[in-house]
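The values are calculated or read from the model by the stated rules, or taken from the named source; none is laboratory data. A quick note: this is a predicted structure, and the numbers were derived from the prediction, not measured. Neighbour counts run over all protein chains shown; Cβ positions are idealised from the backbone, glycine included.
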């Protein structure tokens, strides 16, 4: 049961709630916070949508902890091995700025670490087991985050 709710969107929501709380407690306003925050949120959502679209077109899963049926290495996957998680990090960064929660920005690397430990490392092992040398070559060419 807990494994079913242990998903990246839940972690993003929890980290976003912490950021919002920090922004409420200690708001730090600066001139371009809404503009930059909105742009980052938009970029993150677009990156996630494009990545999911590519995975659907390749008939492979975008749900964590499921076995992939294809290795997607083109498009946004040529820039980062984890475009959906990178999109999550961009959204969280944007929300910190949008909510005047600059003091919450350290939550972004903490979120990235947690996602790496809870999801990415296991996914890399699973993908490596399925695609062997092809995935090993891809890992050498494309970074985990950026």
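Taking the stated definitions as given, is residue 48 part of a helix (DSSP H, G or I), crowded, with 17+ Cβ neighbours inside 10 Å and touching a residue at least 40 places away in the same chain (Cβ under 8 Å)?
Criteria met by residue 48.
For residue 62, all conditions in the list (1) touching a residue at least 24 places away in the same chain (Cβ under 8 Å); (2) within 13 Å of the chain's Cα centre (by Cα) hold save one; what is the number of the exception?
Of the numbered conditions (1) touching a residue at least 24 places away in the same chain (Cβ under 8 Å); (2) within 13 Å of the chain's Cα centre (by Cα), the odd one out for residue 62 is (1).
Considering 30, 15, which residue is touching a helix residue (DSSP H, G or I) at 6+ places or on another chain (Cβ under 8 Å) and assigned to a loop (DSSP other than H, G, I, E, B)?
Just one listed residue meets the conditions, 30.
Can you work out which of the residues in segment 51-67 that are touching a helix residue (DSSP H, G or I) at 6+ places or on another chain (Cβ under 8 Å) and in a loop (DSSP other than H, G, I, E, B) is surrounded by the fewest Cβ atoms within 10 Å (Cβ to Cβ)?
Keep residues of segment 51-67 that are touching a helix residue (DSSP H, G or I) at 6+ places or on another chain (Cβ under 8 Å), which gives 51-52, 54, 61-62, 64-65, 67.
Retained after the next criterion (residues that are in a loop (DSSP other than H, G, I, E, B)): 61-62, 64-65, 67.
Numbers: 61: 14, 62: 16, 64: 18, 65: 14, 67: 10.
Among residues in segment 51-67 that are touching a helix residue (DSSP H, G or I) at 6+ places or on another chain (Cβ under 8 Å) and in a loop (DSSP other than H, G, I, E, B), the one surrounded by the fewest Cβ atoms within 10 Å (Cβ to Cβ) is 67.
State yes or no: is residue 43 without any contact (Cβ under 8 Å) to a residue 60 or more places away in the chain, in a helix (DSSP H, G or I) and within 19 Å of residue 89 (Cβ to Cβ)?
Spelling it out, residue 43 is indeed without any contact (Cβ under 8 Å) to a residue 60 or more places away in the chain, in a helix (DSSP H, G or I) and within 19 Å of residue 89 (Cβ to Cβ).
Residues that are out of contact with any strand residue (DSSP E or B) (no Cβ under 8 Å at 6 or more places or on another chain) and surrounded by fewer than 19 Cβ atoms within 10 Å (Cβ to Cβ), at least 2 per element: which helices (runs of 4 or more DSSP H) completely within segment 69-146 meet that?
Fully inside segment 69-146 and qualifying: 107-115, 121-141.
Can you confirm whether residue 23 is touching a residue at least 40 places away in the same chain (Cβ under 8 Å), assigned to a helix (DSSP H, G or I) and surrounded by 13 or more Cβ atoms within 10 Å (Cβ to Cβ)? Walk me through it before giving the result.
Numbers: touching a residue at least 40 places away in the same chain (Cβ under 8 Å): yes; assigned to a helix (DSSP H, G or I): yes; surrounded by 13 or more Cβ atoms within 10 Å (Cβ to Cβ): yes.
Answer is yes for this residue.
From 31, 80, 116, 61, grab the single residue that is at pLDDT 95 or above and over 17 Å from residue 10 (Cα atoms).
Working: 31 fails: at pLDDT 95 or above; 116 fails: over 17 Å from residue 10 (Cα atoms); 61 fails: at pLDDT 95 or above.
That would be 80, the only listed residue that is at pLDDT 95 or above and over 17 Å from residue 10 (Cα atoms).
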